[in-house]
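Below is one structure, written out as structure tokens, with a few remarks after it.
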Amino acid sequence: MNIDFKSLFTKAMGPEIAPYPYQISLAANDWPDIVKIETGMGKTAGIILAWLYKRLQGDPRTPRRLVYCLPMRVLVEQTASCAGRWIERLVDSKIIPPEKQPSVYVLMGGDIDNDWDRYPENEAILIGTQDQLLSRALNRGFATSRFRWPIQFGLLNNDCMWVMDEVQLMGSGLATTAQMAAFRGKMGTLFPTHSLWMSATLQKDWLNTVDFSSTKKHLAEITLTDEDKQNPSVRKRFEASKSLKKVDVSGEKPAEIAELILDAHQKGTRTLAVFNTVRRATEIYSALMQKKPDAGVSLIHSRFRPGDRQRALEKILASPGKKGSICISTQVIEAGVDISSATLLTELAPWSSLVQRFGRCNRYGLDSQAKVIWIDIDEEGALLPYNKEEIDQARSELIKLKDVGPQRLPAVLTKVDYVHVLRQKDLVDIFDTSPDLEGFDIDISRFIRESADYEVQVFWRDLPTEGPSEEESAPSREELCSAPLSDLRKAEQWERWHWDHLEKRWALPRSLSPGMVLMLRASAGGYSPELGWTGDPHHIPLVIIAERESEEAVDDDRFSATTWQKLGEHNDDVVKEMETILSRCPLPDRKWQDLLHVAARWHDAGKAHKVFQEAVLGNPPEADPSVVWGKTGKKSIAYQRRGFRHELASALAALKNHIPDLIAYLIAAHHGKVRLSIRSLPIEAIPDDPAVRFARGIWDEDVLPDADLGGGHHLPETVLNLSCMDFGEGPTGPSWLARMIALRDDPSLGPFRLAYLEAILRAADWRASQRAGGNHA
């Protein structure tokens, strides 16, 4: 590409906007570890456009996926909108060729793009909240199918540049990002990764976690240089005046605070009032609406459905008009949202959060009358979600100040104490996605947020008295809303259902855990388009009618219901898709590509099993029964043996035919339903002979007939043996579990490389099935 970064930046941002020196440095030099730049100085544009520039230049040290991790979902939409707009301008200017155009995907509560993992070879920008991104990086993706967890784990830990923005809000998630960076370095990946942390108040010792500090001795940091500060635009922002005043009001009387906001508001300007909890913000918004409903008041926080949240954000960002506008917000507004107010009112908060909030007042240095008003808090309940020590420290600094413009703010050292820190054993344990014998999964929420912040995703449906049927579809992204886990634990108010992948129905959960997706009765209330989640039974939400898909169960085979296609022909298509992927991102060692080709040929060998063939043919047969079919023209299939998994039969056949363990693992894992362990499920039918082993619909001594696997590969008639599901050595050698643990713990392979190979095969299979006309979810 024959273009310099300054030209690319100007084409993306507009002809009158040139990059600052530090932004040019980002594009010209190796990636730093820390970007410590004051608010409003273009960190987001600098990072995204420098990444685009380096990818276009073919920089081998810049990964193909940019993972932009934000602490709050309100920030995600604006960041994604900006990134999309910049890319469109660069494509229109022919700076980005079509084959290099990155897609921008959004991952946040209530708004999940689920197609990004089908194209691992493409440049992509993933913008999401720490809940959605970190849960996927930890193999427990919130609000996504459990069977999709491993592929996203593999892709998010290989060939990714992780950018953590506004890290002062991340809590325990910040420690997790540092630990994961350390583990990728120690355990190895197939493609380079890099982690970068950003905040105006970031301190290096925040990243001194036990493993990261021992592996990363030096952290490269970028700050504003003297040259940056001499830029007229930067100087104006840096020297902006923001007078500071404390007011004494009763924190428990929303009416008093509403009156204060109205008194401080100036006509024709924007007033921003930031409170520390959703409850407080909602109460004060309601008090304002009672006092002056025509004052142009809007409310924004993290617990809205996507459409309502977007409308609220548009209202907040709109020009204030003659009357002006008043925005009531939680801390979601304090980072990433490009907004400026003439008047800022804020509750006392930790110093790092206050600095971010101050950056939303007179952001561009154009208002000499800008003012900041702060409200003290001293009651224990009002401290949430913060602790007394950090509140006391912020108070002691504020009482010394009369102005909080950037150049007048002191450098305050703040302490971070992490209660929960991810260790290598935790990571190794969560590589296995099987629930325990009680049906529960390992809870990773403590590594993502502090306990006071735990949330679930909810959606509402009009349901009959007896509850949802199994035909009730999965929620669309437009329906989902974040809600406090503590609210949903009030069983006396809420009937809530979650999808049981074993029983293939909506069931009442035995317990609730963070990140769950729950169906609620619309008649139970709890949501207002104006207020968001309230938990109030009088607030009855409208049921959103949108295009929906059914939920996936453990014995579903969506990919197989496409069009009639022979087994060998489908394998040919999978190999073609894999070659397309690998031509764009060739693996560093040819041996990995060779074993993936063998896995592609054998991945569906188990479809020769009579249970599969009878299911796809139907009774009477709808196609030639002498052919071994890989796909069916029927709309759906149901197995005579519940829980049947053809990929387990494929893997067992591979072992019996002396195919290496790694290939057998990739074969077994290509639907995300059989991975480290093999065990029977409660829903399975038991063979008449109690001595016969059985698991996932496969019985000892089942026979696979010979079959053409395409490309010169052939499955001989094979008798399946399930002795490998037993512990210890058996007639076929070590147990399945022992073999798979050995792969996971092999230093030359490890969890990140293993999961990436798994992801490549699955993506190729998805795409081949899609091209044949089937589902690809």
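Just so you know, all these numbers are worked out from the coordinates, no wet-lab data involved. Everything quoted here is computed from the prediction, not taken from an experiment. Glycine gets a Cβ as well: all are built from the backbone with ideal geometry, and neighbour counts include every protein chain shown.
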Using only alpha-carbon positions, what ratio does the radius of gyration of the stretch 586-671 give when scaled by 2.2 N^0.38 Å? 1.24
Once each part is reduced to its C-alpha centroid, what is the distance from the stretch 120-197 to the stretch 671-688 in angstrom? 30
Is the C-alpha gyration tensor of the stretch 637-777 telling us rounded, prolate or oblate? Criteria: a/c under 1.5 is rounded; beyond that, a/b larger than b/c is prolate, otherwise oblate. rounded
What is the distance, in nm, between label points placed 7 Å from the Cα along the Cα-to-Cβ direction at Arg489 and at Gln640? 4.8
Per residue of the stretch 515-528, in order, report the coupling 6.51 cos²θ - 1.76 cosθ + 1.60 (Karplus, θ = phi - 60°) as ³J(HN,Hα) in whole Hz, putting x for Gly and Pro. x, 5, 10, 10, 8, 10, 6, 4, 5, 7, x, x, 9, 10
Principal axis extents for the stretch 704-777, Cα atoms only, whole Å, descending order, please. 43, 35, 24
For Arg642, distant residues with modelled amide H under 5 Å away: Ala685
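Which of the helices in the chain, when you take each full DSSP H run, stretch at least 18 Å along the axis at their Cα atoms and have an average Kyte-Doolittle score of -1.0 or higher? Numbers along the way, then the final one.
Working: long enough: 43-56 (20 Å, 0.60); 73-92 (29 Å, 0.03); 172-187 (22 Å, 0.17); 278-291 (20 Å, -0.34); 567-584 (27 Å, -0.67); 590-602 (19 Å, -0.73); 750-771 (32 Å, -0.26).
Those that pass (Cα extent of 18 Å or more, hydropathy at least -1.0) are 43-56, 73-92, 172-187, 278-291, 567-584, 590-602, 750-771.
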When DSSP beta bridges are limited to those with both residues in the chain, what percentage is antiparallel, rounded to the nearest 5? 30
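How high is the relative contact order of the stretch 595-641, in percent, counting Cα pairs under 8 Å that sit 6 or more residues apart?
Details: 25 pairs, mean separation 19.6, N = 47.
The value is 42 percent.
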Between Val543 and Gln424, what length in nm is gained on full extension when 0.36 nm per residue of separation is reduced by their alpha carbon distance? 38.5 nm
Phi-derived 3J(HN,Hα) across the stretch 238-249 with the Karplus relation (6.51, -1.76, 1.60, θ = phi - 60°), rounded Hz, x for Gly and Pro, is 5, 9, 4, 9, 8, 5, 10, 9, 9, 10, 10, 9
From the cross-link list Lys54/Lys94; Lys236/Lys291; Lys43/Lys322, the entries with a Cα-Cα span beyond 28 Å are Lys236/Lys291; Lys43/Lys322
For a quick check: with amide H placed at 1.01 Å from N, whose amide H comes under 5 Å from Leu345's, ignoring anything fewer than 5 positions away on the same chain? Leu272, Ala273, Val274, Ile373
Remind me, what semi-axes does the chain give for its equivalent ellipsoid, largest first in whole Å, using sqrt of 5 times each Cα gyration tensor eigenvalue? 50, 30, 23
Give me the extension gain from Glu99 to Ser473: residue separation times 0.36 nm, minus the current Cα-Cα distance, reported in nm with one decimal. 131.1 nm
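Let me have the relative contact order for the stretch 132-177, percent, based on Cα pairs under 8 Å that are six or more residues apart. Can you show the working numbers first?
Details: 29 pairs, mean separation 13.9, N = 46.
Once divided by the residue count of the stretch 132-177, the mean separation gives 30 percent.
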If the label point is 7 Å along Cα→Cβ of Val412, which residues in the stretch 357-377 have backbone nitrogen under 20 Å from it? 357-363, 371-377
Trypsin sites (Lys or Arg not before Pro) within the stretch 44-121: which are DSSP loop residues with at most 15 other Cβ atoms inside 10 Å? Arg61, Lys94
Classify the stretch 159-207 as rounded, prolate or oblate from the Cα gyration tensor: take a ≥ b ≥ c as the square roots of its eigenvalues, call it rounded if a/c is under 1.5, otherwise prolate when a/b beats b/c and oblate if not. prolate
Inter-centroid distance (Cα atoms) of the stretch 506-532 relative to the stretch 705-770, Å: 39
Less than 25 Å apart at the alpha-carbon level, and either on another chain or at least 8 residues along: which lysines does that give for Lys566? Lys576, Lys607, Lys610, Lys631, Lys634, Lys635, Lys656, Lys673
Spread of Cα-to-Cα distances over 5 Å intervals beginning at zero, given as percent, for the stretch 1-154: 2, 9, 18, 21, 20, 15, 10, 4, 1, 0
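Run the dipole for the chain about the Cα centre, Lys and Arg Cβ at +1, Asp and Glu Cβ at -1, nothing else charged, and hand back the magnitude in debye, nearest 20. Don't skip to the answer; put the middle values down first.
Values: 96 positive and 109 negative charges, 516 e Å.
For this selection, approximately 2480 debye.
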Stokes-Einstein diffusion coefficient for the stretch 234-356 at 4 °C in a medium of 1.567 mPa s, Rh from the Kirkwood formula over Cα pairs: what value in µm²/s? 87
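Based solely on its DSSP helices, what 222 nm [θ] is calculated for the chain when runs of n ≥ 4 H residues each add -39,500 (n - 2.57) and the sum is averaged over all residues, nearest 500 deg cm²/dmol? All intermediate terms of the calculation are to be shown ahead of the outcome.
Numbers: 24 runs with 256 residues, N = 777.
The per-residue figure over the chain is -10000 deg cm²/dmol.
How much length would be gained if the chain were fully extended between Arg771 and Asp378, taking 0.36 nm per residue of separation minus their Cα-Cα distance, in nm to one decimal?
Values: separation 393, 0.36 × 393 = 141.48 nm, distance 6.18 nm.
Result for the pair: 135.3 nm of gain on full extension.
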Amide H within-cut-off set for Thr718, under 5 Å, with H built and near neighbours excluded: Leu704
Highest first, please rank the peptides 756-762, 602-608, 231-237 by the mean number of other Cβ atoms sitting within 10 Å of their residues. 602-608, 756-762, 231-237
Measuring from centroid to centroid over Cα atoms, what is the spacing of the stretch 342-357 and the stretch 255-270 in Å? 17
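Can you tell me the relative contact order of the chain? Whole percent, Cα pairs under 8 Å, sequence separation 6 or more.
Working: 1512 pairs, mean separation 103.7, N = 777.
Relative CO of the chain lands at 13 percent.
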Leu317 to Asp536: FRET efficiency via 1/(1 + (r/R0)^6), r the Cβ-Cβ distance, R0 22 Å, to the nearest 0.05? 0.20
List the aspartates and glutamates whose Cα lies under 20 Å from the Cα of Lys242, skipping any in the same chain that are fewer than 8 positions away. Glu38, Asp263, Glu334, Asp338, Glu347, Asp367, Asp376, Glu397, Asp403
Each label point is 7 Å from the Cα along the Cα-to-Cβ direction; what then is the distance between the points at Asp59 and Ser213, in nm? 3.0
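If you put +1 on each Lys and Arg Cβ and -1 on each Asp and Glu Cβ, how big is the dipole of the stretch 446-554 around its Cα centre, in Debye rounded to 20? Kindly include the intermediate steps, with their values, before the conclusion.
Numbers: 12 positive and 21 negative charges, 74 e Å.
The calculation lands at about 360 debye.
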Given a Förster radius of 60 Å and the C-beta distance between Arg590 and Arg235 as r, what FRET efficiency does 1/(1 + (r/R0)^6) yield to the nearest 0.05? 0.65
From the backbone phi of the stretch 35-41, what are the Karplus-calculated ³J(HN,Hα) couplings (6.51 cos²θ - 1.76 cosθ + 1.60, θ = phi - 60°) in whole Hz, Gly and Pro given as x? 10, 10, 10, 4, 5, x, 9
Mind giving me the FRET efficiency for Arg395 and Val703? R0 is 56 Å, r the Cβ-Cβ distance, nearest 0.05 is fine. 0.15
Could you pull out the trypsin sites (Lys or Arg not before Pro) across the stretch 411-470 that fall in loop regions by DSSP (anything but H, G, I, E, B) with no more than 16 other Cβ atoms inside 10 Å? Lys415, Arg423
